[in-house]
Amino acid sequence: MTTTHRLCLVLGDQLSLDLASLQGLDAERDCVLLVEVMEEASHVPHHPQKIALVFSAMRHFAQELQQRGIRVHYVALDDPRNTGSVPGELQRWHSQLQPSELHLTECGDWRLEQSLKQCGLAIHWHADSRFLCSRGEFSRWAQGKKQLRMEFFYRDMRRKSGLLLNGDGSPVGGAWNFDADNRKALPKGLRPPAPARFAADAITQEVLALVAKHFPHHYGRLDSFDYPVTRADAQSLWQYFLDWGLAAFGDYQDAMASNEPFVFHARISAALNIGLLDLRQLCSDVEAAYGSGTVALNAAEGFIRQLIGWREYVRGVYWLKMPDYAHGNVFGNSRSLPPFYWSGETRMNCMRQAIGQSLEHAYAHHIQRLMVTGNFALLAGIAPSEICAWYLAIYMDAFDWVELPNTLGMVMHADGGYLGSKPYCASGQYIKRMSDYCTGCAYKVSESTSEDACPFNALYWHFLMRHADLLRGNQRLALIYKNLARMPESRQQALWQRGQHLLATLDAGQPL
Ligand code: SF4
């Protein structure tokens, strides 16, 4: 029997051949361990498509390693010897193989990393080189700052990467950020491309059957799974976006439309987050598309900003501030998440559309998450832990490092403004401007206090009134509070009462 020198554990969101822990493997003496475990699949009720994606991509990755001559030990979920947890499996294989060294790339989840650090085994930890900014580099950048701002971090990442820079180091186009050009609603008659779909091969079909059997109580459809599970298919999805989506992505990245779950979005976030795509490659492809004149600067810059700005920034905040960050609740919210978040059964068309497509595809784009489902949770005072667990469960691309700061910080402002400078609260007018949802809604977006008035309208003012002590001094909300102060007392009272009524309806467990 071959003795094992190095045992490399690769987690389900680390499926990259470029991982530092996989470099220099000796095919004779080293081996890789991949484990499907119940604890990671069910500590929140992950969408069945997300579990299928991770398990199927893991199985394909194991094949890819084996084809390169690397020894792989693979533990399937239904293996009777499976202990059900990552530390449990690492301990079991450590005692079986007796390796000289254990290697692991740092985790994407503080909870899992802690449990591995406490499992009694000496692990050689490797930084996750898939990211542009290491945990240490972010921590040095944040040092001494009372509040962090993504914009300044992003400029540093542009300088570091050299992306979209002129020869003198200034930004191409004369500005760092073209976000103001990225907020158009979808014009009538403009149809986004049909989504690229990927058929399930034999491995994926086996995984789909496994997931259907073991997770029947998790929320979301499994039979609409059409996501890439291999590096080659993920690359095809990316190329499809470059060919058909990127040029219009800039203008319409904030637009929402009924029955258009993806609009012009790339839908690559899940593939990127589990390691099937490479951040630097994506950025250089987008820069090249701009350089060749096939896409405008606001599209290229907007996409690159999401990747090397926001995505890296939230990861930095997560590792800087955990574990305390997860307990942030500056507004003292305690309301339970309404059951319609798990069913989509609500008369609010915007919520029905955003939740419905999330259940069907495990996907909604950033504005649907921030300004529809997230905005409602913020205005309704939902407990941050409950809405965070929902986002983590329901979205295929949601892993703790990216979900928690986005939800707790940006959506819920529960960190008191550490991550973002103001709460992203909005009335129904924003949703009306950016979508066609209101035309198909049982509520009237033009009304605020009547029985069939849009719930977002009164809840928006109720939120601002009930948190005036905390928020009135925020410069970015000054105009809004000025408008509130100018409102007749009777109008303020009517909005408050309508807000109270809506919250009481939620507290009674009834849908809106
Ligand atoms: Fe949403 Fe209000 Fe518009 Fe209905 S009227 S779709 S609840 S914003």
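Of note:
- Among the residues of region 258-303, just one is hydroxyl-bearing (Ser, Thr, Tyr) and within 18 Å of residue 397 (Cβ to Cβ), namely 269.
- For region 334-344, the set of residues classified as surrounded by fewer than 19 Cβ atoms within 10 Å (Cβ to Cβ), under 18 Å from residue 463 (Cβ atoms) and out of contact with any Asp or Glu (no Cβ under 9 Å at 6 or more places or on another chain) consists of 334 only.
- Restricting attention to region 162-213, the residues being buried (at least 17 other Cβ atoms within 10 Å of the Cβ), farther than 30 Å from residue 437 by Cβ and within 27 Å of the chain's Cα centre (by Cα) number 9.
- The single residue among 62, 52, 41 that is more than 20 Å from the chain's Cα centre (by Cα) and in contact (Cβ under 8 Å) with a residue 24 or more places away in the chain turns out to be 62.
- Qualifying residue in region 419-427 (condition: within 13 Å of the ligand (Cβ to nearest atom), out of contact with any Ser or Thr (no Cβ under 9 Å at 6 or more places or on another chain), of a type in the set (S, T, N, Q) and outside the structural domain of residue 317 (by TED's automatic domain parsing)): no
- Counted residues, region 354-374 - those being assigned to a helix (DSSP H, G or I), farther than 18 Å from residue 411 by Cα and away from the ligand (no atom under 16 Å from the Cβ): 3
- Candidate set: region 383-407, residues that are among the hydrophobic types (A, V, I, L, M, F, W, C) and more than 23 Å from residue 357 (Cβ to Cβ); chosen: the one farthest from the chain's Cα centre (by Cα): 383
- Members of region 130-161 found to be surrounded by fewer than 15 Cβ atoms within 10 Å (Cβ to Cβ) and within 22 Å of residue 11 (Cα to Cα), listed by number: 136
- Members of region 337-353 that are in contact with a helix residue (DSSP H, G or I) (Cβ under 6 Å, 6 or more places away or on another chain) and either away from the ligand (no atom under 14 Å from the Cβ) or free of Cβ contacts under 8 Å to residues at least 24 places away in the same chain (or both): 337, 341, 344
- Residues of region 241-256 satisfying the condition of being surrounded by fewer than 20 Cβ atoms within 10 Å (Cβ to Cβ) and within 30 Å of residue 440 (Cβ to Cβ): 244, 247
- Residues of region 97-117 classified as out of contact with any His (no Cβ under 9 Å at 6 or more places or on another chain) and at pLDDT below 95, total: 1
- Segments classed as helices (runs of 4 or more DSSP H), wholly inside region 183-283, with at least 1 members that are farther than 26 Å from residue 367 by Cβ and free of Cβ contacts under 8 Å to residues at least 60 places away in the same chain: 202-214, 231-244
- Filtered residue count, region 393-434, keeping only those that are assigned to a loop (DSSP other than H, G, I, E, B), more than 30 Å from residue 229 (Cβ to Cβ) and among the aromatic types (Phe, Trp, Tyr): 2
- Region 441-459 - residue that is hydroxyl-bearing (Ser, Thr, Tyr) and in contact with a helix residue (DSSP H, G or I) (Cβ under 6 Å, 6 or more places away or on another chain) and, of those, farthest from the ligand (Cβ to nearest atom): 449
- Selection within region 460-477 - among the small types (Gly, Ala, Ser) and either within 16 Å of the ligand (Cβ to nearest atom) or at pLDDT 95 or above (or both): 468
- Enumerated strands (runs of 3 or more DSSP E) restricted to region 28-114, each holding at least 1 residues that are within 27 Å of residue 212 (Cβ to Cβ), among the aromatic types (Phe, Trp, Tyr) and not assigned by TED's automatic domain parsing to the domain that holds residue 390: 71-75
- Residue 382 vs. criteria of a type in the set (Val, Ile, Thr) and touching a helix residue (DSSP H, G or I) at 6+ places or on another chain (Cβ under 7 Å): no
- The listed residue being hydroxyl-bearing (Ser, Thr, Tyr) and over 29 Å from residue 234 (Cβ atoms), out of 161, 170: 170
- Yes/no for residue 398 being closer than 27 Å to residue 185 by Cβ and within 14 Å of the ligand (Cβ to nearest atom): no
The values are calculated or read from the model by the stated rules, or taken from the named source; none is laboratory data. Bear in mind that the values here come from a model prediction, so they are computed numbers and not experimental data. Cβ: placed from backbone, ideal geometry, glycine included. Neighbour counts: every protein chain shown.
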